[in-house]
């Protein structure tokens, strides 16, 4: 087995282990919360009679480990189970929501990558110059501001005052999401604001390091133009770190999605997760958590593989 | 689940109690008023003819994937709203909370109030085009009265045996009771007793008799309804479509109203209502005294086993200060009794005053000076946490230390509720008979004050058996006097229900029973 292949197998094994461990932690954690799906579904109507009836109907009268075992064996066979309060298959509950979040995160990533590299590289070109100073001021402010505050400010300015954009991003399930792109603008801007700030800072730092390396010095002494130096000689050397930085952004982005979707009522994975926890709908919570874990493990694996393949030295060793 | 504090619409049986049984001991045959005759559109401009068409967008607090279309299990307020749009009941509440006929045309009982006959309105159409018959009503009532179906209305009908609900002829239903109930129409006017078509097993494709038909439903997102042209009322409904949109974030819901992504929102937040300019594009609907704000003392738990301590706690609450601080112009003070617009409300009892010195001397006499108590509280309803905080401050005047036992809002009505010595609650309007059955009779499922008194049960049961309205009123007053003197409730205020709407929306109503005129959009039109 080639070392690269072995690395992939090892990482996949670790991923599966993470998945199972996370699923157990989440199942027991949510079960430990006060209240269950029966009391949540009944609210103040929860008389002992009704609660007992509903608990039986939901199968909550069985011990928690037995229920977890049942869920796990179903999950391993590809069955995500049924949403607790309604009995609708979890797949039906989350299908559209996953797509909505993929669109939101996808658009954000598509803007994040070029912007982060350009802004980071330009800032690194003249450290402490005007561009760098103002970028630094802006990015540090954005990093320090919680996402829900950024979202609320954007909504007040662009929706309530200027009336340019909708204040809430309600998706009409009967029409394709793309038919109303304006609802994506504020959520994407909010996500981008903080993700971009982090990435620009890291790419700038890497770029500065690269620009100080001897081979760049040598190239500069040979009279190569500064822009050519940057594009042709320095940039290829920051691709690998940049990929790491951007991959590092994915779990962060998925966390931010929960906040941004709530602020703008964007019906995606994050908002579904919030209401599922509120209604103690364990199968839905688990499905979304597994999905998120898979996304995070997969991106980090992909990023590492790409870095190995891009680096001739590592590639040869692999 | 901070939003839905209570589960039953209420109202007062003004018409039903007086008119229904006016004929007294003879076979009582009472025709009660119709909802239409009493409704007053409050946002309609005078002399303007309603315009047909348009789509009204209502934004409400959602319940995520747990939202349901079933009229048999409504917990989230947004589910309750949808049910009011799609379905109807035999009896309902008018805008003042009085019980009126909805699908019933007439109700009468035998002299002992153990057998009731309900005649149905003829010619009522279901959304699928068929006609309403006694079979539908028998099926619906039996469905709710059958425990295994887990219908939320079961608590209202648990004393009726399904087999005792019978069809007499195509438009008459007879209900036999083991215990006499002179107020049966009032009990089954509760907002959990909806009529569905005979044989309905799944409620995914709703077929009701309400003013709007089902078009689509996405749990936690939105539901759409269209005008039911077969609705029996002249004129309305006028809207082509009604769209109910779920929100999980209150700030987003307010932003949506402000930018007119929605036209109407129920439960407009009070703190913002206080500062809303009266001349803007967004106006407020107000239903006065619709929501009862309470604190409860468990009469069997220390220190409240001594009535002097209960009296002292009632005297040390400065109600006016609480109302001024928390409700502002949107509320009034209470007198430790439920539902002041019920015709049988004991209005002759004096308003309890604020008297910390008297409270102090009562506590001294009871040997409970400088007592320490914790109050169970949460951000789980209007003014809840605020009133607990203010009450703790006021208690110091009487030498009492009240500490806050605060839990997360969605956990309030779970483990500790009904077990603590001092807690808080809130109830929307409902008839006294229903309210007492819910919280004060020995068998009450939500006996917050642990009030189990044979003398009180006697008075209320006698009242429920008495067909003579005057005698019955006296019994209700006696029962309330007992509560006023010895009960465990501190009912410090009544809050208005407030909704927000754009000025282009006309024909909205206000009702003490529920927000947005108990979700009656029949006369609503857009300009």
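The values are calculated or read from the model by the stated rules, or taken from the named source; none is laboratory data. In this text the structure is predicted, and so the values were computed from the model without any measurement. Glycine also receives a Cβ, built like all others from the backbone with ideal geometry; neighbour counts cover every protein chain displayed.
At-a-glance table
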{"quantity": "Residue list for the stretch B:246-268, filter: in contact with a strand residue (DSSP E or B) (Cβ under 8 Å, 6 or more places away or on another chain), within 11 Å of another protein chain (Cβ to nearest Cβ) and either in a strand (DSSP E or B) or surrounded by fewer than 18 Cβ atoms within 10 Å (Cβ to Cβ) (or both)", "calculated": "B:246, B:247, B:250, B:260"}
{"quantity": "Matching residues in the stretch A:173-192 - criterion: being more than 16 Å from residue B:261 (Cβ to Cβ), more than 14 Å from chain B (Cβ to nearest Cβ) and surrounded by 18 or more Cβ atoms within 10 Å (Cβ to Cβ)", "calculated": "A:188, A:189, A:191, A:192"}
{"quantity": "Residue that is nearest to the other protein chains (Cβ to nearest Cβ) [pool: residues in the stretch A:46-80 that are assigned to a loop (DSSP other than H, G, I, E, B), surrounded by 15 or more Cβ atoms within 10 Å (Cβ to Cβ) and out of contact with any strand residue (DSSP E or B) (no Cβ under 8 Å at 6 or more places or on another chain)]", "calculated": "A:47"}
{"quantity": "Where a residue in the stretch B:137-151 is over 9 Å from residue B:162 (Cα atoms) and at the interface with chain A (Cβ under 9 Å from one of its Cβ atoms) and its partner, wherever it lies, is surrounded by fewer than 19 Cβ atoms within 10 Å (Cβ to Cβ) and at pLDDT below 95, with Cβ under 7 Å and at least six apart", "calculated": "B:150/A:53"}
{"quantity": "Residue match in the stretch A:287-297 (condition: within 14 Å of another protein chain (Cβ to nearest Cβ), within 21 Å of the chain's Cα centre (by Cα), part of a helix (DSSP H, G or I) and within 29 Å of residue A:178 (Cα to Cα))", "calculated": "yes"}
{"quantity": "Failed item in (1) part of a helix (DSSP H, G or I); (2) at pLDDT below 90, with residue A:101 passing the rest", "calculated": "(2)"}
{"quantity": "From B:278, B:241, residue being surrounded by fewer than 23 Cβ atoms within 10 Å (Cβ to Cβ), out of contact with any helix residue (DSSP H, G or I) (no Cβ under 6 Å at 6 or more places or on another chain) and at pLDDT 95 or above", "calculated": "B:241"}
{"quantity": "Flag for residue B:271 being in a helix (DSSP H, G or I) and more than 14 Å from chain A (Cβ to nearest Cβ)", "calculated": "yes"}
{"quantity": "Hey, residue B:193 touching a residue at least 40 places away in the same chain (Cβ under 8 Å) and within 26 Å of the chain's Cα centre (by Cα) or not", "calculated": "yes"}
{"quantity": "Selection count, the stretch A:2-43, where residues are within 14 Å of chain B (Cβ to nearest Cβ), over 27 Å from the mean Cα position of the chain (by Cα) and either farther than 19 Å from residue B:66 by Cα or not in a helix (DSSP H, G or I) (or both)", "calculated": "3"}
{"quantity": "Qualifying residue in the stretch B:135-150 (condition: buried (at least 24 other Cβ atoms within 10 Å of the Cβ) and within 17 Å of the chain's Cα centre (by Cα))", "calculated": "no"}
{"quantity": "Pairs, first outside any helix (DSSP H, G or I) in the stretch A:156-177, second loosely packed, with under 13 Cβ neighbours inside 10 Å, C-beta under 7 Å, six or more apart", "calculated": "A:165/A:182; A:166/A:182"}
{"quantity": "Number of the exception - residue B:348 against (1) surrounded by fewer than 16 Cβ atoms within 10 Å (Cβ to Cβ); (2) touching a helix residue (DSSP H, G or I) at 6+ places or on another chain (Cβ under 7 Å); (3) more than 26 Å from residue A:43 (Cα to Cα); (4) touching a residue at least 60 places away in the same chain (Cβ under 8 Å)", "calculated": "(2)"}
{"quantity": "When residues of the stretch B:49-66 are limited to those that are in a loop (DSSP other than H, G, I, E, B) and within 8 Å of chain A (Cβ to nearest Cβ), the one nearest to residue B:249 (Cα to Cα)", "calculated": "B:62"}
{"quantity": "Those helices (runs of 4 or more DSSP H) lying entirely in the stretch B:405-498 with at least 2 residues more than 14 Å from every other protein chain (Cβ to nearest Cβ) and farther than 23 Å from residue B:382 by Cβ", "calculated": "B:454-465, B:469-486"}
{"quantity": "Of all residues making up the stretch B:218-236, the number that are out of contact with any helix residue (DSSP H, G or I) (no Cβ under 8 Å at 6 or more places or on another chain) and within 14 Å of another protein chain (Cβ to nearest Cβ)", "calculated": "5"}
{"quantity": "Lone qualifier among A:170, A:165 - being under 26 Å from residue B:223 (Cβ atoms), modelled with pLDDT of 90 or more and within 11 Å of chain B (Cβ to nearest Cβ)", "calculated": "A:165"}
{"quantity": "In the stretch B:145-156, the residues that are touching a helix residue (DSSP H, G or I) at 6+ places or on another chain (Cβ under 7 Å) and under 12 Å from residue B:190 (Cα atoms)", "calculated": "B:152, B:153, B:154, B:156"}
{"quantity": "Residue within the stretch A:193-213 that is surrounded by 14 or more Cβ atoms within 10 Å (Cβ to Cβ) and within 14 Å of chain B (Cβ to nearest Cβ) present", "calculated": "no"}
{"quantity": "Lone unmet requirement of (1) under 23 Å from the mean Cα position of the chain (by Cα); (2) modelled with pLDDT of 95 or more for residue B:402", "calculated": "(1)"}
{"quantity": "Filter result for residue A:272 (within 11 Å of chain B (Cβ to nearest Cβ), under 25 Å from residue A:16 (Cβ atoms) and out of contact with any strand residue (DSSP E or B) (no Cβ under 8 Å at 6 or more places or on another chain))", "calculated": "yes"}
{"quantity": "Answer from B:317, B:290, B:312 - the residue that is assigned to a helix (DSSP H, G or I), away from chain A (no Cβ under 14 Å) and touching a residue at least 60 places away in the same chain (Cβ under 8 Å)", "calculated": "B:312"}
{"quantity": "Those residues of the stretch B:148-200 which are outside any loop (DSSP other than H, G, I, E, B) and under 21 Å from residue A:49 (Cβ atoms), in sequence order", "calculated": "B:148, B:149, B:154, B:155, B:156, B:157, B:162, B:163, B:164, B:165, B:187"}
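This table checks each residue for (1) surrounded by fewer than 22 Cβ atoms within 10 Å (Cβ to Cβ); (2) under 18 Å from residue B:186 (Cα atoms).
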| residue | (1), (2) |
| --- | --- |
| B:421 | yes, no |
| B:436 | no, yes |
| B:443 | yes, no |
| B:449 | no, no |
| B:453 | yes, no |
| B:470 | yes, yes |
| B:475 | yes, yes |
| B:481 | yes, no |
